[in-house]
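Read the structure below first, then the notes.
The values are calculated or read from the model by the stated rules, or taken from the named source; none is laboratory data. All values reported here derive from a predicted model rather than from experimental measurement. Here the Cβ positions follow ideal geometry from the backbone for every residue, glycine too, while neighbour counts run over all protein chains shown. What goes into the accessible areas is simple: the full protein's heavy atoms, side chains included, and nothing from ligands, DNA or RNA. Shrake-Rupley method; radii C 1.70, N 1.55, O 1.52, S 1.80 Å.
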Amino acid sequence: MFQTTVNTFQGFGLPGEPHLDSPTRVESLIINSNGLTPNVYGYFATKSAVTDIAQMGGIVGPGTASFTGAISGTTLTVSAISAGSLQVGQTIAGAGVTGGTTITALGTGVGGAGTYTVSASQTVASEAMTASGGTNRVIAGLMVNPKEATLWGTTSGTLAPTLAIPDNAQSEFAMMGDFVVVVPGPCNIQDLLAYNVTTGALATYAPGGSVPAGCAAIPNSSIYRYPVTASGGGLTVARLTN
């Protein structure tokens, strides 16, 4: 039997692995996502500006916000943000807002305008509101260098391969360099990068296009090599230049 097809691209690395000998800047941090999502190499993280502990995903902002919003049932609809950003766990205050109302889940909003789920059912017309009690979060970066990690195994066995590490483990996070990543769908070179604020998984969007739902843009980042044509996504190389 003779080979009749030669693939244009072959497998070339693990998610989070450096791809080129380009300028790279990484920071060593403890990661703790509080069991809410796996800590996966090649995913994006933020960190607390107070404790310096990272978590997968997260919304960058001071932990407080001033905004215009309305509540119907348990849905908070935010029409405009004047300062800060919204996060799960913040307490909402405003004229007629039930005391102790907190944000319990994201809807279409990822820190700014959009919808959020709140803890108490109520009806409040559009008005000025505030949010407080969140975490002051800043960018940590892409979790990188998987080959330096301890092999933790999985529930399938202590030697089972995995790209995830447990909470309170030490890892490295990059905001400069060229790294292998996985994207969920087709992309082109120079497409921009975003991350899911809940899981940290990467997504892409065309320059001038909209950030995908549930995601936040990653500043100064793009697809650098290997466009992906498969509908299910695949490996590519991201360039971070922060």
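log₁₀ I(q)/I(0) of region 116-242 at q = 0.18 Å⁻¹, via Debye over equal Cα point scatterers, no solvent, to two decimals?
Here the Debye-derived log intensity ratios amount to -1.06.
Can you give me the relative contact order of the chain as a percent, contacts being Cα pairs under 8 Å and 6 or more apart?
Working: 673 pairs, mean separation 58.1, N = 242.
Contact order relative to length: 24 percent.
Translational diffusion coefficient of region 1-132 at 25 °C, 0.890 mPa s, Stokes-Einstein with Kirkwood Rh over Cα pairs, in µm²/s as a whole number.
139 µm²/s
Taking the Cα centre of the chain as the origin, how large is its charge dipole in debye, to the nearest 20, when only Lys and Arg (+1) and Asp and Glu (-1) carry charge on their Cβ atoms?
About 180 debye.
If the viscosity is 1.306 mPa s and the temperature 10 °C, what Stokes-Einstein diffusion coefficient in µm²/s follows for region 182-242 when Rh is the Kirkwood radius over Cα pairs?
Value of D from the Cα-based Kirkwood radius: 141 µm²/s.
If I stretch the segment between Thr102 and Gln122 completely, what's the gain in nm (0.36 nm per residue apart, minus their alpha carbon distance), one decimal? Walk me through the numbers on the way to the answer.
Working: separation 20, 0.36 × 20 = 7.20 nm, distance 1.23 nm.
In short, 6.0 nm is gained.
Lys/Arg Cβ at +1, Asp/Glu Cβ at -1, dipole of the chain taken about the Cα centre: which of Ser28, Ala128, Thr162 is farthest positive-ward?
Sorting the options by dipole projection puts first Ala128.
Please give the per residue accessible area of region 11-56, computed with a probe of 1.4 Å over protein heavy atoms only, in Å².
Values: 2250 Å² over 46 residues.
Per-residue value: 49 Å².
Looking at [x] 8, 32, 37, 18, 5, 0; [y] 8, 36, 40, 16, 1; [z] 8, 29, 29, 21, 10, 2, 1, 0, which value of P(r) over Cα pairs in 10 Å bins from 0, in percent comes from a calculation on the structure shown?
[z]
What are the equivalent ellipsoid semi-axes of region 91-169, built from the alpha-carbon gyration tensor (square roots of five times its eigenvalues), in whole angstrom, biggest first?
The equivalent ellipsoid of region 91-169 has semi-axes of 41, 15, 11 Å.
State to the nearest 20 debye the size of the charge dipole of region 111-211 about its Cα centre, where the only charges are +1 on K and R beta carbons and -1 on D and E beta carbons. Before the final figure, lay out each step's value.
Details: 2 positive and 6 negative charges, 19 e Å.
Roughly 100 debye, rounded to the nearest 20.
Tell me, what HN-Hα J-couplings in whole Hz come from the Karplus equation 6.51 cos²θ - 1.76 cosθ + 1.60 at θ = phi - 60° for each residue of region 95-102, using x for Gly and Pro?
Per residue, the Karplus-derived 3J(HN,Hα) values read 4, x, 7, 4, x, x, 5, 10 Hz.
Can you give the FRET efficiency to the nearest 0.05 for Ala80 and Val50, using r as the Cβ-Cβ distance and R₀ = 30 Å?
That pair, Ala80 with Val50, gives E of 0.60.
Over what distance in Å are the Cα centres of region 176-242 and region 104-130 separated?
Distance between centres, Cα-based: 28 Å.
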